[in-house]
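What follows is a short report on a single structure.
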Amino acid sequence: MWQNLWHTMVTQRGQIWEALLQHIGLSLLSLLIAAAIAIPLAIILTPHKKIAEGVLQITSVMQTIPSLALLGILIPFVGIGTVPSVIALVVYAVMPIFQSTYSGLSEIDPSLQEAATAFGLPRWMRLFRIDLPLAMPTIIGGLRVALVLIIGTATLAALIGAGGLGTYILLGIETNNNSYLIIGAVLSALLAIFFSALIRWLGRLSLRRMVEVVAIAVALIAGAAGYQSYTAKTATITIAGKLGSEPDILINMYKELIEQQDHKLQVVTKPNFGATSFLFKALQSNQIQVYPEFTGTVTQTILKSHTKTSHNPQQTYEKARAGLSSEYQMSYLKPMKYQNGYDLAVTQQFAKKYDLKTISDLREIATKLHAGFDPDFDHQKDGYPGLQKAYNLQMGSIRTMEPSIRYKALVNGKVNVVDGYTTDAEIQQYHLVVLKDDLHYFPPYQGAPLLKTSTLKKYPALKPALNKLANQITEKDMQTMNYDVQVKHEKASTVAHHYLLTHHLLK
């Protein structure tokens, strides 16, 4: 493992450094904005105890909002990337800063304030000469708590394309790569320790010197943000993908094919973006231009079809294409050959012990089944609820867990059946048995590029470029490519390039 960690750090030092700087910039910007809101507000409300307590209650409630839910709410209004991430982080940081400032100012000995007033000091001078210096240790404590909270929560910003160290944490979870996990987690922890110590040192400076240091930090962050905004404008087409190796491979294929078709088009990729809802909202708001989506997901999740999805792949694709066109004015280009559909998998030993070949065979041992399911599969109507009804299958127990964990639980004997996808690398890695869907319950899941019709009209080169993948890539091809990324830890861009070259899709 340590050898893989060192190899990853050496080969990806540029990307790691970029992610680290993104995380620092995002965290410090959020802290400065939160402090600029919370500290003046606490100063204003300190004489008004009831109002201040009401504001404190409101900020406390805001902290209870789940971060993923808050990001999902923000996307339709402010898009993806840095802006919604900063807003969410500010929301979480305001409470500890406001609370510490209010407490520090409220606990000042009234006799000191009375003496200052007796000497004729105006309120603003008393604030800077007496109140703030006395309250500063408490305020600094609140800032340290807020910054540690921000650095930890900022890892989720990677889900909406804001980058940072969360990219490595999420990618490590999805691809079962401990090196990525260690890099993301350890660097996040070191950042929290370093900046906590830095704020403590800042608290020992005089108020004037502290203001000067903060002003320099603001200038540096503003300059970095301006440069990032300037460079972002050069990207014409933004392609995003969901969490995992497979979407990452596909968007890198899209990038190469588009740039080959039209050399003037500049393409940027945003991998590991998160759930379908995040990506679709980003597409609607023009924050991204293209992402790969699956036909079954379109009919069941995006179009929310109340009729049973056809098991004919072509009919399912046509239904998805027509629905996206009429309801959302989007174009769904030609699908690839393979299907990334749901399946149920067991170990070879378990299959041999109970002679399991199909999902129907599970009925005979239903009470002995202890399943590990992805949370989505456990609740979606095209997942276990529908499967249970179709097969009249009542399993002994079900535990929901993250996708990358459920396979480990299966191999370690914690569960004996898991859901998965037909192209998962773990099927090959652990030599699992995929049970045949003999009642043809699961709908077809063919992947195809999804984009706005207006985008297609603006950039006509996209259609012939992306359609080069039509009817390409078999399930075995994708399973092997996922294996190369997740198990052999090859770069998704390298694996994608190799496939395009060997199948003569690149000149």
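The values are calculated or read from the model by the stated rules, or taken from the named source; none is laboratory data. Keep in mind the model is a prediction, meaning the values are calculated, not measured. Don't worry about glycine lacking a Cβ; one is built from the backbone with ideal geometry, like all the others, and counts go over all protein chains shown.
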- Message: When you scan the range 308-325, do you find a residue that is at positive phi and not hydroxyl-bearing (Ser, Thr, Tyr), even just one?
- Response: no
- Query: What are the residues in the range 437-474 that are of a type in the set (Gly, Ala, Ser), in a loop (DSSP other than H, G, I, E, B) and under 22 Å from Thr502 (Cα atoms), if any?
  - Reply: Ala470
- Hits in the range 475-507 (condition: under 30 Å from His7 (Cβ atoms) and in a loop (DSSP other than H, G, I, E, B)): Val487, Lys488, His489, Glu490, Lys491, His503, Leu505, Leu506
- Query: Is there any pair with a first residue in the range 52-63 that is assigned by TED's automatic domain parsing to the domain that holds Ala88 and more than 12 Å from Val91 (Cα to Cα) and a second that is of a type in the set (S, T, N, Q) and assigned to a helix (DSSP H, G or I) whose Cβ atoms are under 8 Å apart and which are 6 or more apart or on different chains, and what are they?
  - Reply: Leu56/Gln99
- Task: Could you please let me know if Tyr328 is among the hydroxyl-bearing types (Ser, Thr, Tyr) and crowded, with 21+ Cβ neighbours inside 10 Å?
- Result: no
- Query: Just wondering, is there one or more residues in the range 7-20 that are in a helix (DSSP H, G or I), in the same structural domain as Gly141 (by TED's automatic domain parsing) and more than 30 Å from Leu181 (Cβ to Cβ)?
  - Reply: no
- Would you check if there is a residue in the range 255-267 being part of a helix (DSSP H, G or I), modelled with pLDDT under 90 and over 30 Å from Ser27 (Cβ atoms)? no
- Note on the structure: When every residue in the range 5-44 that is farther than 28 Å from Met62 by Cα and over 24 Å from the mean Cα position of the chain (by Cα) is compared, the one surrounded by the fewest Cβ atoms within 10 Å (Cβ to Cβ) is Val10
- Query: Which one of Ile87, Ile80 is assigned to a loop (DSSP other than H, G, I, E, B), under 27 Å from Ser285 (Cα atoms), within 21 Å of the chain's Cα centre (by Cα) and not hydroxyl-bearing (Ser, Thr, Tyr)?
  - Reply: Ile80
- Message: Can you pull out every residue in the range 268-279 that is part of a helix (DSSP H, G or I) and in contact with a strand residue (DSSP E or B) (Cβ under 6 Å, 6 or more places away or on another chain)?
- Response: Leu279
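Here's the yes/no breakdown for (1) in contact with a Lys or Arg (Cβ under 9 Å, 6 or more places away or on another chain); (2) within 23 Å of Tyr445 (Cβ to Cβ); (3) in a loop (DSSP other than H, G, I, E, B); (4) free of Cβ contacts under 8 Å to residues at least 40 places away in the same chain:
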position	(1), (2), (3), (4)
Glu318	no, yes, no, yes
Arg321	no, yes, no, yes
Met336	no, yes, yes, no
Leu344	no, yes, no, no
Ala351	yes, no, no, no
Lys381	no, yes, yes, no
Pro385	no, yes, no, yes
Ala409	yes, no, no, yes
- Message: Whether any residue in the range 41-49 is closer than 21 Å to Val211 by Cβ and not β-branched (Val, Ile, Thr) is what I want to check.
- Response: yes
- Restricting the range 347-360 to residues that are touching a strand residue (DSSP E or B) at 6+ places or on another chain (Cβ under 7 Å) and not polar (S, T, N, Q), the residue that is nearest to Gly386 (Cα to Cα): Ile359
- Go through the range 63-72 residue by residue and tally those that are surrounded by 15 or more Cβ atoms within 10 Å (Cβ to Cβ) and either among the aliphatic types (A, V, I, L, M) or under 13 Å from Leu279 (Cα atoms) (or both). 4
- Message: When the residues of the range 64-77 are narrowed to those that are within 14 Å of Thr153 (Cα to Cα) and in contact (Cβ under 8 Å) with a residue 24 or more places away in the chain, which ends up farthest from the chain's Cα centre (by Cα)?
- Response: Ile65
- So Glu364 fits all but one of (1) closer than 21 Å to Leu439 by Cα; (2) in contact (Cβ under 8 Å) with a residue 40 or more places away in the chain; (3) of a type outside the set (A, V, I, L, M); (4) not assigned by TED's automatic domain parsing to the domain that holds Leu279; what number is the exception? (2)
- Item | Thr367 vs. criteria surrounded by fewer than 14 Cβ atoms within 10 Å (Cβ to Cβ) and among the hydroxyl-bearing types (Ser, Thr, Tyr) | yes
- Query: Is there a residue being modelled with pLDDT of 85 or more and more than 24 Å from Leu187 (Cβ to Cβ) anywhere in the range 107-127?
  - Reply: no
- Task: Inspect all residues belonging to the range 302-314 and state whether any of them is under 30 Å from Val83 (Cα atoms), of a type in the set (Ser, Thr, Tyr) and more than 25 Å from the chain's Cα centre (by Cα).
- Result: no
